[in-house]
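Reading through the structure tokens given below for one structure.
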Amino acid sequence: MQRNIIETVMGGVVLIVAGFFVTFAFTSAGVSPVTGYEVSARFENASGLSPGTDVRMSGVKIGTVARQSLDPETFTAIVTMTIQSDLQLPLDTSARIIPDGLLGGNFVELEPGGELENIQPGGSIEYTQGAINIIDLATRLFFSSTDNSGESGAAAGAAGAGGQQ
């Protein structure tokens, strides 16, 4: 009977310590939703974004992606972001989707412009650059260099064979 009580108490202590670690991890990782005003941006390719994805400026998280939708007329992705209310974005702010390292996901990087007027809540960012597919670029580079070297190798072989005769 004594052993069961000790095991129960130890199990409770382990659960409490685990709860503190989870709470600490969430508060220090900055995964809490950002409150503020919403702005939207249109991207040709919004791959790698989902609600909750970071919106950063100069490497600092200033917001999150709130939602995504597809414009049925232009087939562009409309990304709505929530930006901290204490930050005012200039009217010519630009947005681009960039990878967070080689194996990480994507995030939205905002670069402020020099306009004196600011984007109003509910407004949109006009200057955008969509996500770049690194794997697609590497594949194109690999196959284009293979095709070029294969053609030049065949041409060199034909020239060499013609020169020996």
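The values are calculated or read from the model by the stated rules, or taken from the named source; none is laboratory data. Remember, it's a predicted structure, so these values are computed and weren't measured experimentally. Note: ideal-geometry Cβ built from the backbone for every residue, glycine included; neighbour counts use all protein chains shown.
Read through the list (1) surrounded by 14 or more Cβ atoms within 10 Å (Cβ to Cβ); (2) at pLDDT below 95, then give the number of the only condition that ILE78 fails.
(2)
Does any residue in the range 110-123 that is closer than 15 Å to ASP86 by Cα come within less than 8 Å, Cβ to Cβ, of a residue that is surrounded by 13 or more Cβ atoms within 10 Å (Cβ to Cβ) and among the charged types (D, E, K, R) six or more places away or on a different chain, and which pairs are these?
PRO121/GLU38
So that you can scan it fast, the table gives a plain yes or no per residue for (1) in the same structural domain as GLN129 (by TED's automatic domain parsing); (2) modelled with pLDDT of 85 or more; (3) assigned to a strand (DSSP E or B):
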residue: GLU7; (1), (2), (3): no, yes, no
residue: GLU38; (1), (2), (3): yes, yes, yes
residue: ALA41; (1), (2), (3): yes, yes, yes
residue: GLY48; (1), (2), (3): yes, yes, no
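What number of residues in the range 99-121 are of a type in the set (A, V, I, L, M, F, W, C) and in contact with a Pro (Cβ under 9 Å, 6 or more places away or on another chain)?
3
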